């Protein structure tokens with residue numbers, strides 16, 4: 001009997017499919033845009049603004065848009081709205097005419113607003129179509145069938161930037177983000193048949209079990225049929241049917257599929273389901289097609305997050321929906337670029353902070369593979385229950401079918417209405433877990449901005465799943481990559497850690513139309529220290545942390561810091577994927593040498609290329625990668641190793657210096673100095689020593705170099721070498737003719753610290769400085785420094801890691817090579833120049849400091865940190881947490897440098913790499929530098 005029924009069902013489905021094919025696409029909903037589709041495709045509507053710029057007159061405005069960027073109203077950052085004196089409460093009135101053809105008379109017509117800030121009233125032909133919509137971040141619609149007529153129709157929309165509902169106003173418009181106004185997402189008409197499929201909600205599990213809730217306006221006795229397909233339209237399995245018995249309730253359809261390709265962020269396989277509504281005679285009334293993915297999300301208490309049965313650690317970032325020139329009005333191209341940049345940092349997750357994004361952003365996360373936390377607005381203030389229930393429903397029914405969404409966030413940092421927690425499950429058949437970002441809730445600890453001690457205690461004692469939804473606050477150049485290395489090591493050790501989300505992806509810098517002067521650069525406003533928090537700038541300017549994150553979060557994890565003299569060509573590698581075997585990735589290496597300091601090129605010289613032996617390493621495992629290097633690999637100066645993912649995208653390129661190279665730091669520098677007696681010229685205050693064409697003058701009262709003279713002019717290098725950060729008394733100063741040249745020595749001692757600087761001069765040779773120091777106590781930095789007029793510096797070229805500066809707690813992510821950059825006074829997060837010129841630079845072997853007086857070339861026998869001046873403090877900085885100490889000097893050659901903090905934490909709260917420096921065993925540090933002043937420019 002069962003087989004007979006099954007055959008009848010298949011026959012009926014076949015007949016229905018044939019009828020639907022004959023009907024074609026005629027019964028699909030028709031979408032007619034009244035506005036443009038995104039920031040780049042807009043339509044002009046009539047517009048009147050009540051206050052602020054260009055107010056009090058009817059004119060034109062592009063739709064969609066935030067009206068501030070079109071020259072209307074007032075720019076306001078959310079926290080400003082807490083004060084009546086600065087509140088922006090203008091009202092915008094829109095008018096637009098549209099045509100209704102005769103064939104719509106048998107249809108039902110909806111008008112859909114994908115987003116309008118904030119209270120929105122809609123009229124068609126002078127009549128209100130429904131109640132005011134309150135809330136600026138969710139999609140809403142009205143049925144306008146009774147209000148339209150054949151021919152020309154007038155749409156009138158009034159948008160109040162400030163909501164009449166106090167809870168909506170404080171939840172959405174008093175937060176730590178810009179508060180704009182206007183119809184900022186598309187507006188369109190949706191034309192449907194009289195009976196239609198309103199919406200569907202999919203639950204497609206990893207075991208192939210498929211469940212579909214269908215909501216219709218159909219009549220009892222009508223029928224629904226569903227067909228799962230690949231995205232190119234090929235049927236998967238057989239169609240399945242359900243009869244409508246009660247029109248006012250959802251109809252559930254179920255089916256089981258075998259051998260489906262699962263969705264996860266590493267392999268984002270997608271399908272679609274085509275749902276058809278037919279009448280009692282089998283006539284096709286309406287069809288609706290929805291993308292989805294087969295996947296199962298499980299939260300295992302006191303354990304962690306699982307996707308398709310595999311434990312997943314989220315490497316995430318918070319994201320505002322934002323473009324500097326258009327505000328919250330974006331485009332799919334913007335969504336694609338944002339996700340691609342996140343994935344370039346090896347991120348696999350993104351949190352919607354602090355409101356639902358554009359639909360196309362979630363579509364991109366589905367197709368490119370990103371895990372998502374979707375959030376109901378509520379920044380430290382909550383919606384009331386009536387308004388919140390309506391907005392929550394609008395959020396969930398729009399977004400429920402995206403496989404990328406793992407969790408629902410009910411507000412942010414106290415902005416959660418607990419009465420709404422149960423509402424998510426009313427519209428979500430997957431019953432995703434609800435989070436309260438910042439709170440312990442539903443088995444998760446989502447604490448914001450934990451310090452290192454909190455993380456360490458959580459690893460040892462906590463039972464909740466640790467997943468900070470905001471951490472490593474990236475104000476100016478602090479946070480993000482700085483401190484992440486230590487934090488992430490703890491997260492990987494956490495027995496039930498689920499990852500976390502950095503704050504934030506992009507500096508929310510607004511291009512101010514109201515402050516723009518003709519012929520002047522764009523004015524970009526980040527509202528002091530509220531919004532310069534990004535890993536990238538407003539126009540995607542990459543900060544150094546971009547590359548630090550890229551290395552630390554690479555799913556192919558390599559932690560080797562250097563190659564030892566007995567390196568055997570094997571690299572320990574960890575597979576931090578959840579689903580991917582390393583046999584699906586590709587590895588390649590290069591052996592390189594570098595041009596000398598006199599060479600104008602900045603390119604590495606590739607001596608050999610090759611590939612390691614193939615490796616198969618399952619997710620979560622550690623193994624050895626045999627590089628398969630040639631026998632003469634030690635003749636090169638550095639090794640580059642690149643890993644690419646299964647799609648051919650670079651995960652990271654690691655670089656190491658090869659230790660067997662000669663200690664000679666430059667190919668043009670002789671290792672032998674000619675012994676020669678040089679006659680000094682001496683006064684009571686100074687010593688002048690001529691070596692060839694160059695004269696070196698020392699201040700005998702300090703022992704410091706006072707200036708360097710040469711035929712082309714003086715080099716104003718002075719004030720050193722001195723012990724960085726210390727003013728030690730000069731105990732002795734002597735000079736004499738030695739066996740290799742003329743020698744000058746200054747010795748300093750005080751407070752248990754000692755420092756000796758020994759110069760060796762020979763005609764035609766760089767001046768050789770050997771220095772030795774022993775330093776007591778904790779210090780922000782250690783090494784030697786010099787003074788030079790900063791206004792004379794024009795650029796620098798160096799062999800070392802670059803091109804970005806480093807902090808003690810942000811050393812990873814850079815590449816060893818020859819780099820060059822011109823002078824700038826970049827302040828991260830304020831003027832968006834990248835890379836910054838001023839700061840610490842790591843593993844420097846030589847540097848050419850380019851000045852208006854000529855080049856100063858310095859070679860080091862061992863890699864050192866180069867201090868290049870001191871970065872300017874951000875004007876809006878409220879403290880020094882992101883302005884670490886620097887030596888009071890122009891140049892420094894350092895063995896230890898300072899760490900940087902975040903907006904909320906001092907550096908010493910960020911972990912072991914962020915602590916001050918100490919010499920524990922008392923063994924003096926000895927270094928050699930060589931100074932060449934022979935090159936003019």
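Observations on the model:
- Boolean, residue 622 is within 24 Å of residue 812 (Cα to Cα) and at pLDDT 95 or above: yes
- Residue match in the range 479-492 (condition: at pLDDT 95 or above, surrounded by fewer than 22 Cβ atoms within 10 Å (Cβ to Cβ) and part of a loop (DSSP other than H, G, I, E, B)): no
- Some residue of the range 534-557 being in a loop (DSSP other than H, G, I, E, B), farther than 18 Å from residue 345 by Cβ and modelled with pLDDT of 95 or more: no
- Residues (touching a residue at least 40 places away in the same chain (Cβ under 8 Å) and not in a strand (DSSP E or B)) located in the range 100-126: 101, 102, 104, 105, 106, 107, 114, 115, 118
- Residue match in the range 302-319 (condition: part of a helix (DSSP H, G or I), in contact with a strand residue (DSSP E or B) (Cβ under 9 Å, 6 or more places away or on another chain) and under 19 Å from residue 508 (Cβ atoms)): no
- Any hit, the range 509-525, residues being closer than 25 Å to residue 907 by Cβ, part of a loop (DSSP other than H, G, I, E, B) and not assigned by TED's automatic domain parsing to the domain that holds residue 576: no
- Checked against (1) in a loop (DSSP other than H, G, I, E, B); (2) surrounded by fewer than 21 Cβ atoms within 10 Å (Cβ to Cβ); (3) in contact with a strand residue (DSSP E or B) (Cβ under 7 Å, 6 or more places away or on another chain), residue 218 passes all but a single condition, namely (2).
- Positions within the range 420-455 being outside any loop (DSSP other than H, G, I, E, B), free of Cβ contacts under 8 Å to residues at least 40 places away in the same chain and more than 19 Å from residue 470 (Cβ to Cβ), in sequence order: 421, 422, 423, 424, 425, 426
- Of the criteria (1) within 30 Å of residue 558 (Cα to Cα); (2) surrounded by 24 or more Cβ atoms within 10 Å (Cβ to Cβ), which one residue 410 fails: (1)
- Those strands (runs of 3 or more DSSP E) lying entirely in the range 799-880 with at least 1 residues touching a residue at least 60 places away in the same chain (Cβ under 8 Å) and under 22 Å from the mean Cα position of the chain (by Cα): 815-822
Yes/no per residue for (1) crowded, with 22+ Cβ neighbours inside 10 Å; (2) assigned by TED's automatic domain parsing to the domain that holds residue 67; (3) free of Cβ contacts under 8 Å to residues at least 60 places away in the same chain; (4) on the phi > 0 side of the Ramachandran plot:
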{"position": "277", "(1), (2), (3), (4)": "yes, no, no, no"}
{"position": "282", "(1), (2), (3), (4)": "no, no, no, yes"}
{"position": "312", "(1), (2), (3), (4)": "yes, no, no, no"}
{"position": "327", "(1), (2), (3), (4)": "yes, no, no, yes"}
{"position": "346", "(1), (2), (3), (4)": "yes, no, no, yes"}
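- Single condition residue 934 does not satisfy, out of (1) under 23 Å from residue 714 (Cβ atoms); (2) surrounded by 18 or more Cβ atoms within 10 Å (Cβ to Cβ): (2)
- Residue within the range 200-216 that is touching a helix residue (DSSP H, G or I) at 6+ places or on another chain (Cβ under 8 Å) and outside the structural domain of residue 493 (by TED's automatic domain parsing) present: yes
- Selection count, the range 643-670, where residues are part of a strand (DSSP E or B) and either buried (at least 16 other Cβ atoms within 10 Å of the Cβ) or at pLDDT below 95 (or both): 9
- Listed by position, the strands (runs of 3 or more DSSP E) enclosed by the range 25-90 that each have at least 2 residues that are without any contact (Cβ under 8 Å) to a residue 60 or more places away in the chain are 43-49, 58-63.
The values are calculated or read from the model by the stated rules, or taken from the named source; none is laboratory data. Just so we're clear, the structure is a prediction, and the values are computed from it rather than from any experiment. So basically every Cβ, Gly included, is an ideal-geometry build from the backbone, and we count neighbours across all protein chains shown.
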